[in-house]
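Just below is one structure, and these are the notes that go with it.
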Amino acid sequence: MEFNITSEVLEIVEEDILRITGEENKQISLKFLKSKIKVSDFFFHKVVKKLGKEGLIYLKPNFLGLTKGGRERAKDIIEKHMVVENYFKKTRNEKEAHQAAHILEHYISKEAIRNIKKLYTFREGSSSLVEFELHRETMISDIVFLDFGLFERIISVGIFPGQRIKVTNKIYDVVVIKVNNKKFALDKNIAAGIRVLIYGKT
């Protein structure tokens, strides 16, 4: 478990370094980069070393920049971030949309990104999981928690916009769902904050 958590942190830091450097579109100081990424020096320098070995960045004293390969990778990460951020701007202010996108971009799959692009069409026809019927597959259209800590916990287990989902049972104050062949029992207060398409399969 510790190895998996460490690997996940390293991957998040790697994407953050590439995205931030790509957005700046120039070589930037390590001090500036560290101020933007809230992580220990150990993880930060480990990832910088890894990116250098992979040829995605070049290093100068106290500065780094992107190589051609690094710019291409950063472009993909930034594009993914912008798709998610623009989608969340439909229901959140700019700051909240940016923060939600920053969390989600590290967990979301390419398939879910494609589905989010489709969701622009279906956004109005949605309901909460609590209201949705049993045994019918649909797609998550939004996660509407104001608590970003809870938002990240839900996202990290694979429950996010663009993901397929099915409600398999409702027992008192619990809603049982199936996502990616995994079952989760959610408190109704949490399930109420997860919006799904009412049109079922898309």
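The values are calculated or read from the model by the stated rules, or taken from the named source; none is laboratory data. This structure is a prediction, so every number in the text was calculated from the model and none was measured. Please note: Cβ atoms are built from the backbone with ideal geometry, for glycine as well, and neighbour counts cover all protein chains shown. Quick note on the areas: whole protein, heavy atoms, side chains included, nothing else; ligands and nucleic acids left out. Shrake-Rupley method; radii C 1.70, N 1.55, O 1.52, S 1.80 Å.
With r as the distance between the Cβ atoms of Asn93 and His135 and R0 = 35 Å, compute the FRET efficiency 1/(1 + (r/R0)^6) and round to 0.05.
Working: r = 37 Å, r/R0 = 1.05.
The computed FRET efficiency comes out at 0.45.
Ignoring everything except DSSP H segments at least 4 long, calculate the 222 nm mean residue ellipticity for the chain; use -39,500 (n - 2.57) per segment, divide by total residues, nearest 500. Kindly include the intermediate steps, with their values, before the conclusion.
Working: 8 runs with 101 residues, N = 202.
Using -39500 (n - 2.57) per qualifying helix, the result is -15500 deg cm²/dmol.
What number do you get for region 98-192 when its Cα radius of gyration is normalised by 2.2 N^0.38 Å, N = residues? Intermediate results must be reported in sequence, preceding the final value.
Details: Rg = 12.7 Å, N = 95, 2.2 N^0.38 = 12.4 Å.
Against the empirical 2.2 N^0.38 Å value, I get 1.02 for region 98-192.
Determine the alpha carbon to alpha carbon distance for each of Lys80/Lys117; Lys90/Lys183; Lys90/Lys118; Lys117/Lys166; Lys26/Lys68 and list only those over 18 Å. Mind dumping the intermediate values first?
Details: Lys80/Lys117 11 Å; Lys90/Lys183 29 Å; Lys90/Lys118 14 Å; Lys117/Lys166 21 Å; Lys26/Lys68 12 Å.
Violating the 18 Å Cα-Cα cut-off are Lys90/Lys183; Lys117/Lys166.
For region 48-118, what is the convex hull (Cα atoms) projected area averaged across all directions, in square nanometres?
Values: hull surface 23.5 nm².
Hull-based average projected area comes out at 5.9 nm².
Over the chain, with the other protein chains present, what is the accessible area per residue in square angstrom, probe 1.4 angstrom?
56 Å²
Would you mind working out the magnitude of the charge dipole of the chain relative to its Cα centre, with +1 at each Lys and Arg C-beta and -1 at each Asp and Glu C-beta, to the nearest 20 Debye?
Working: 36 positive and 27 negative charges, 99 e Å.
Rounded to the nearest 20 debye, it is 480 debye.
For Val176, which sequence-distant residues (separation of 5 or more, or a different chain) have an amide H within less than 5 Å of its own amide H, given hydrogens modelled in the peptide plane?
Here Thr168, Asn169, Lys170, Ile171, Leu186 satisfy the definition.
Would you calculate the convex hull of the Cα atoms in region 82-138 and tell me its volume per residue in Å³?
Values: hull volume 6.2 nm³, N = 57.
About 108 Å³ per residue, rounded to a whole number.
Rounded to the nearest 10 degrees, what's the angle between the helix 94-104 long axis and the longest principal axis of the chain, both from Cα atoms, 0 to 90?
Long axis of 94-104 versus the principal axis of the chain: about 90 degrees.
Pairwise over distinct Cα atoms, reciprocal of the mean inverse distance: report the Kirkwood radius of the chain in Å, one decimal place. Provide the component values of the computation, followed by the final result.
Numbers: mean 1/r = 0.0548 Å⁻¹.
One decimal place: 18.2 Å for the Kirkwood radius.
Less than 12 Å Cβ to Cβ from Phe63, Lys/Arg counted +1 and Asp/Glu -1: what total charge do the surrounding residues give? Intermediate results must be reported in sequence, preceding the final value.
Details: positive: Lys26, Lys31, Lys60; negative: Glu24.
Result for the local shell: +2.
Going by average Cβ neighbours within 10 Å, how do the peptides 157-163, 182-188 rank, with the highest at the top?
157-163, 182-188
So how much slack lies between Gln27 and Val157, counting 0.36 nm per residue of separation and subtracting their Cα-Cα distance, in nm?
Separation in residues times 0.36 nm, less the Cα-Cα distance, equals 43.3 nm.
By how many degrees, 0 to 90 and rounded to 10, does the Cα axis of helix 41-53 deviate from the longest principal axis of the chain?
70 degrees
Jot down the per residue volume, in cubic angstrom and as a whole number, of the convex hull over the alpha-carbon atoms of region 33-86. All intermediate terms of the calculation are to be shown ahead of the outcome.
Working: hull volume 5.1 nm³, N = 54.
That works out to 94 Å³ per residue.
What part of the accessible area of the chain, given as a whole %, is carbon or sulfur when the probe is 1.4 angstrom?
Carbon plus sulfur share of accessible area: 52 percent.
Between Asp173 and Lys38, what is the FRET efficiency for a Förster distance of 41 Å, r being their Cβ-Cβ separation, to the nearest 0.05? Kindly include the intermediate steps, with their values, before the conclusion.
Details: r = 35 Å, r/R0 = 0.86.
The pair Asp173/Lys38 has a calculated efficiency of 0.70.
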